[in-house]
Amino acid sequence: MEKAKATIIDRLEEILISVLLGVATLLVFAQVVARYVFNAGITWAPELVQHFFLWTVMIGASYGFKHGVHLGVDVLMKKLPETQRRIMALVAVVISLFFTVYMAYLSFFYVHDAYKMELMTVDLEIPQWIPHLALPLGFTLISIRLIQVFFWVYTGRMINVSTSGELDSDEIEEIPDIYPPGHPTTEEEHLEKIKD
């Protein structure tokens, strides 16, 4: 996987994801406390949380493409030789890129129509196009990340575009060597073994 140094965009994405998710969690908690303890509610909180989650998902999807953390079924990919695996990865990236560019195009018109019609959100009473900017910006960011991934796969700096979360057969075979059956292992011993 690409171990590139964190750029300003990476840091900005990380900060935005953390802040938006943290504030959304606090708002949900405050809403629960207000409703069940004080028998009142924060009327605008659910809508704001929805908007924060939209922004978090779009920024998180972009961040995930760069770091290859999107889940994928790569059973067939792992059976192919490296050259064919790279070709399949390039095809997958190109298909994904067409989709995200098209979605960015459509979402731009969606936001533009909301702006022209002067639609307002229900509880916050702000123009709808402001929170929905997450769609064209998010899909544009994802498209940029996919272009980066295409370049990395093409140049051989990256082979897999996603992770399945499963161990390879080679990794499974190594488990008994590291931890023989019936061997008690403490946390300290485990940390020592994975350092080697």
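Scanning for something in contact (Cβ under 8 Å) with a residue 40 or more places away in the chain, under 17 Å from Ile144 (Cβ atoms), surrounded by 15 or more Cβ atoms within 10 Å (Cβ to Cβ) and among the charged types (D, E, K, R), does segment 60-75 turn up at least one residue? Yes, there is a match, as at least one residue in segment 60-75 is in contact (Cβ under 8 Å) with a residue 40 or more places away in the chain, under 17 Å from Ile144 (Cβ atoms), surrounded by 15 or more Cβ atoms within 10 Å (Cβ to Cβ) and among the charged types (D, E, K, R). Apart from one condition, Ala40 fits all of (1) loosely packed, with under 13 Cβ neighbours inside 10 Å; (2) part of a helix (DSSP H, G or I); (3) at pLDDT below 90; the exception is (2).
Rundown of residues vs (1) in contact with a strand residue (DSSP E or B) (Cβ under 9 Å, 6 or more places away or on another chain); (2) in a helix (DSSP H, G or I); (3) more than 30 Å from Val32 (Cα to Cα); (4) at pLDDT 90 or above, yes/no style:
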| residue | (1), (2), (3), (4) |
| --- | --- |
| Phe53 | no, yes, no, yes |
| Met77 | no, yes, yes, no |
| Val94 | no, yes, yes, yes |
| Phe98 | no, yes, yes, yes |
| Ser107 | no, yes, yes, yes |
| Asp113 | no, yes, yes, yes |
| Glu125 | no, no, no, no |
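Evaluation of Gln84 against the conditions (1) farther than 29 Å from Tyr154 by Cα; (2) without any contact (Cβ under 8 Å) to a residue 24 or more places away in the chain; (3) assigned to a helix (DSSP H, G or I); (4) not charged (D, E, K, R) shows that the sole unmet condition is (1).
The values are calculated or read from the model by the stated rules, or taken from the named source; none is laboratory data. Computed from a predicted structure; not experimentally measured. Virtual Cβ from ideal backbone geometry, glycine too; neighbours counted across all protein chains shown.
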